[in-house]
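J.: The following block contains the structure, expressed as structure tokens.
The values are calculated or read from the model by the stated rules, or taken from the named source; none is laboratory data. All values derive from a computational prediction rather than experimental measurement. Side chains are part of the model used for accessible areas, which takes the heavy atoms of the whole protein and leaves out ligands, DNA and RNA. Shrake-Rupley method; radii C 1.70, N 1.55, O 1.52, S 1.80 Å.
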Amino acid sequence: LSGDKPASWRSTLLLERRGEKLAWAGVRTPRYAYFEYENGEEELYDMRSDPYQRKSIHESADPALLEDLRGRLRALEDCSGADCREAEGS
């Protein structure tokens, strides 16, 4: 449609799997991919230096970064409608 503005791409994405197998939820930003599993395990990948997610850096990551990503994940899991746009930028 020639008169429409192009859609803007989102900067944060919620990823999750619920069901019979091990459930997990994650958030992906332009730089990081963070995942939590129902058994309490976590994974964190720097998508610039490890785009194939081969080595999790969650144990050596800055605690402030992990808290930020956990907060983004909680916000995206709990949002609906227009609130999700705000949660993406949190």
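J.: Percent of accessible area on segment 31-90 owned by carbon and sulfur, 1.4 Å probe?
T.: Heavy-atom surface of segment 31-90 belonging to carbon and sulfur, 1.4 Å probe: 45 percent.
J.: Would you list Arg72, Arg31, Arg54 from the most to the least accessible area, probe 1.4 Å?
T.: Solvent-accessible surface, decreasing: Arg54, Arg31, Arg72.
J.: While we're looking at this one, here's another question. What list of ³J(HN,Hα) couplings, whole Hz, do you get for segment 53-67 from phi and the Karplus terms 6.51, -1.76, 1.60, once you set θ to phi - 60° and write x for glycine and proline?
T.: With the stated coefficients, segment 53-67 comes to 6, 9, 9, 5, 10, 4, 6, 9, 6, 4, x, 5, 5, 4, 5 Hz.
J.: Kindly give the semi-axes, whole Å and largest first, of the ellipsoid equivalent to segment 22-90, taking each as the square root of 5 times a Cα gyration tensor eigenvalue.
T.: Numbers: eigenvalues 86, 39, 24 Å².
After diagonalising the Cα gyration tensor, the semi-axes are 21, 14, 11 Å.
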